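Here the structure is laid out as structure tokens; the discussion comes afterwards.
FYI, it's all coordinate maths here, none of it is from the lab. Only a predicted model underlies this, so the values are computations on that prediction, with no experimental measurement involved. As a convention, Cβ positions derive from the backbone with ideal geometry for all residues, glycine included, and neighbour counts pool all protein chains shown.
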């Protein structure tokens with residue numbers, strides 16, 4: 001009888017471990033969000049409030065990252081997809097909405113967005 005009780009407890013432990021593994025696997029994998037704002041480093045950005053013909057896509061370096069981390073900026077790390085190009089981007093907005101940076105995973109996505117905005121602009 002004692003052996004059956006131990007086997008039953010062991011089966012429950014295995015079931016709990018399997019359930020925990022399945023639940024963990026179902027959680028969304030969002031490394032950029034999990035890494036926080038530091039995940040923006042090395043990505044590419046431009047201020048879309050400026051004239052897109054004069055704007056340049058630039059890598060998010062330590063200086064730009066420090067700006068984004070400052071109290072002057074608020075960054076939404078949830079990707080948006082309603083950009084002009086349809087490419088996913090994260091958004092960092094300066095207080096008072098003086099500037100707003102779209103941050104893209106690659107230079108080509110950033111450049112495509114900037115060029116799309118330029119072709120759509122009325123200037």
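A few points about this structure:
- Per-residue extension of 0.36 nm, minus the Cα-Cα distance of residue 56 and residue 95, leaves a gain of 11.9 nm for this segment.
- Ascending count of other beta-carbon atoms within 10 Å, so fewest first, for 60, 91: 91, 60
- Taking each residue as 0.36 nm, the span from residue 118 to residue 67 lengthens on full extension beyond its C-alpha to C-alpha distance by 15.8 nm.
- Rounded to the nearest whole angstrom, the semi-axes of the ellipsoid equivalent to the stretch 60-105, taken from the Cα gyration tensor as √(5λ), stand at 19, 12, 8, largest first.
- Burial ranking of peptide ranges 45-58, 103-116 (average Cβ count within 10 Å, highest at the top): 103-116, 45-58
- Size of the stretch 31-120 as Cα extents on the principal axes (Å, biggest first): 33, 28, 21
- Difference of contour (0.36 nm per residue) and Cα-Cα distance, residue 107 to residue 76: 9.2 nm
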